[in-house]
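The values are calculated or read from the model by the stated rules, or taken from the named source; none is laboratory data. Predicted model, so just to flag it, every value in this text is computed and none were measured. Neighbour counts run over all protein chains shown; Cβ positions are idealised from the backbone, glycine included. The accessibility values were calculated without ligands, DNA or RNA, using every heavy atom of the protein model including side chains. Shrake-Rupley method; radii C 1.70, N 1.55, O 1.52, S 1.80 Å.
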Amino acid sequence: MTADSGHARPVDEPVGHPTGGLSAGGHPTGGLSTGGLSTGGLPNALAETLRYGPFHRALHDAIAHRGLSLARLRAHLEQQGVQVGQSTLSYWQRGLRHPEVPRAIATVRALETVLKLPPESLVALVGHRPQPRPARPAWLSPAPLPAEFAAVTDIGANTDLDVLSVHDTVLVGPEREQRSITTRLVVRAAKAGPDRFLAVHRGDEGSLVDNALVRPGEGCRLGRTRRQPAARGLAFELLFDRRLAEGEEHVFSFTVVDDTGGPTPGHHRTFGGACRGYLLQVAFSRRTLPARCTKQFRPDAASPPVDLEELVCGLGGFVSAYFEDVGPGVAGIGVEWT
């Protein structure tokens, strides 16, 4: 799938230096803020954010003040006996996710300890949730919707489905071309009635999308398709065998065969809403292994990656990336050949 070019700089790059003394409990010493919390040694701006919030801004500023990358912060939390994904920390500090109460309270308290913040300073902000985002279609696609689908009256079918998990397996051939993408999804009906899922595919540079094939697998059959050759876009319906009841879960899979493009720059999937887990695996030909693979996440397709992690491609030619609590945004694996 098409990937943005250029060099990425993670937002968790160390910024600033810690200041101020520490008490025996690991928290800053000093005077009292207006809210009654010890904020000695903290910049006035950070002290104000800890007092008034919002949570994500306070967390972001505290991480920057202590000069910790997200990887180092996660390692410190593990030393405290707390397991949390680096992607989750990234979502929290950018306001894309909010800690769930009461499950995440222990993690938030551990953050206070590692970041040397006053006790309960972040916990007090967890209850101040940001305003919910407007409801949006839960697009899970590597490309925007082709214009031809604007005339389809039931285009909002995906809005009635909560996506629980996605698993993409991408096969790459010896000429570095993407050969196929097999996708398995687990969805849950948000209300009674959904009987289909609308998927979108965009081929790599040089792809002849008119030659692309969609092969439905378990739990679905192929419905209407639309192609947009100029944009290498393909949109298609996957029809279930019946309408789902409210709360009912459904598993289905499909494969897109599109092997006419040039050397693939990787595979990325767009999430318009939240998804609990996304597993992406890329299988390369042993005859032609990539020079570099990176796990990437970006808030939107036009932005550079904000989370960048090196991946190891084993001798068997497989590379994998797992994204926990992903979206909204674009998640994937970037591939470099030289």
Query - Distance from segment 69-122 to segment 260-300 (C-alpha centre basis), Å - result: 27 Å
Requested in this report: Kindly rank 111-123, 182-194 from highest to lowest mean number of other beta carbons found within 10 Å of each residue.
Outcome: 111-123, 182-194
Query raised in the report: How much area per residue is accessible in segment 187-338 when the probe is 1.4 Å and only protein heavy atoms are counted (Å²)?
Result: 44 Å²
Report task. With a/c under 1.5 counting as rounded, go ahead and sort segment 218-336 into rounded, prolate or oblate using the C-alpha gyration tensor (a ≥ b ≥ c being the square roots of the eigenvalues; past the cut-off, prolate if a/b is larger than b/c, else oblate). Result -> prolate
Query raised in the report: Using a probe of 1.4 angstrom, how much of the accessible area of segment 221-261 is carbon and sulfur, in percent?
Result: 45 percent
